[in-house]
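Working notes, structure below.
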Amino acid sequence: PWLDMRICRMGESFGETQTSQPACRRVLDTVPEIAPGDVITGMIEAGQPNLWRLVDATEREVVITMEAETSMLDPVLTLYAGEDLAELDRNDDFNGLNSQIGPRQLGAAEPFLIEAGTLNDGSGSYTLEVVDMNAIEGTERQADMLIAEANRLIIDGYLAEDYAAAIERLDQALAIAPQLENTIQTAKAVALFVQAFAELDEGDETGSALH
């Protein structure tokens with residue numbers, strides 16, 4: 001299916017739908033399925049990405065997470081939508097070398113396709129999980145939202161106050177969902193690390209301004 005996927009994407013990029021749409025359909029008809037609530041183990045060989053059709057996800061809010069089981073992989077997730085499989089979202093830097101998309105509210109632009117790949121030519125196994133946020137109980141759902149917001153601040157922030165805000169949200173998440181402590185503490189360690197560097201940079205800039 002990967003050759004068809006390349007034809008599909010090239011056609012979408014250059015407007016050659018007559019050629020690309022049959023290739024897109026072949027991809028959707030041949031790849032395995034994954035649904036919200038599923039946790040699947042996959043294998044990447046020599047950097048060749050895996051493709052999964054996301055089913056039963058229309059109008060749902062989902063979180064898609066890919067975690068490497070080996071240091072040989074540098075995971076990257078891409079989500080495609082619609083008959084032409086246009087790129088909807090992409091991530092390659094969640095909690096170090098893992099990947100996460102969401103929480104993301106999916107509309108009616110089905111079908112959906114997940115590409116689980118790696119930024120290098122490595123081989124190894126990975127875990128792919130699709131969480132249905134609507135099925136999570138209130139407190140854990142709230143904690144997951146706080147964690148996701150904190151991760152966005154860590155990734156997109158550049159000021160010490162951004163990382164402080166991320167740490168605050170992680171502490172709030174831990175208070176309401178202590179069962180998520182491992183995930184929260186991992187994210188908090190990253191936030192504290194980058195916060196320290198941001199404070200050093202801001203201190204250097206302040207010192208330069210005084211001279």
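The values are calculated or read from the model by the stated rules, or taken from the named source; none is laboratory data. From a predicted model like this one, the values you see are computed outputs, not experimental measurements. For neighbour counting, all protein chains shown are included, and Cβ atoms are generated from backbone atoms with ideal geometry for every residue, glycine included. Just so you know, the surface numbers come from the protein's heavy atoms only, side chains and all, with ligands and any DNA or RNA stripped out. Shrake-Rupley method; radii C 1.70, N 1.55, O 1.52, S 1.80 Å.
One table, with the values for the structure above:
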quantity	calculated
Per-residue [θ]222 nm for the chain (sum of -39500 (n - 2.57) over DSSP H runs n ≥ 4, rounded to 500)	-15000 deg cm²/dmol
Accessible area of the chain divided out per residue, in Å², using a probe of 1.4 angstrom	53 Å²
Rounded to whole Hz, the Karplus (6.51, -1.76, 1.60) HN-Hα couplings of the range 76-84, x for glycine and proline	9, 10, 10, 10, 10, 8, x, 5, 8
Cα convex hull volume per residue for the chain (Å³)	144 Å³
Burial order of peptide ranges 29-40, 125-136 (average beta-carbon count within 10 Å, highest first)	125-136, 29-40
Backbone HN-Hα couplings from phi across the range 51-64 [Karplus 6.51/-1.76/1.60, Hz, Gly and Pro as x]	10, 9, 7, 8, 10, 6, 10, 4, 6, 10, 9, 10, 10, 10
The chain - percent of accessible surface contributed by carbon and sulfur, probe 1.4 Å	49 percent
Integer Hz, Karplus 6.51/-1.76/1.60 couplings in order for the range 27-42, x for Gly and Pro	4, 4, 7, 10, 7, x, 9, 9, 10, x, x, 8, 10, 10, 9, x
Cut-off under 5 Å, modelled amide H: who pairs with ASP93 long-range	GLN100
The chain: most fluctuating residue of GLN179, GLN105, GLN21 per GNM, C-alpha cutoff 10 Å	GLN179
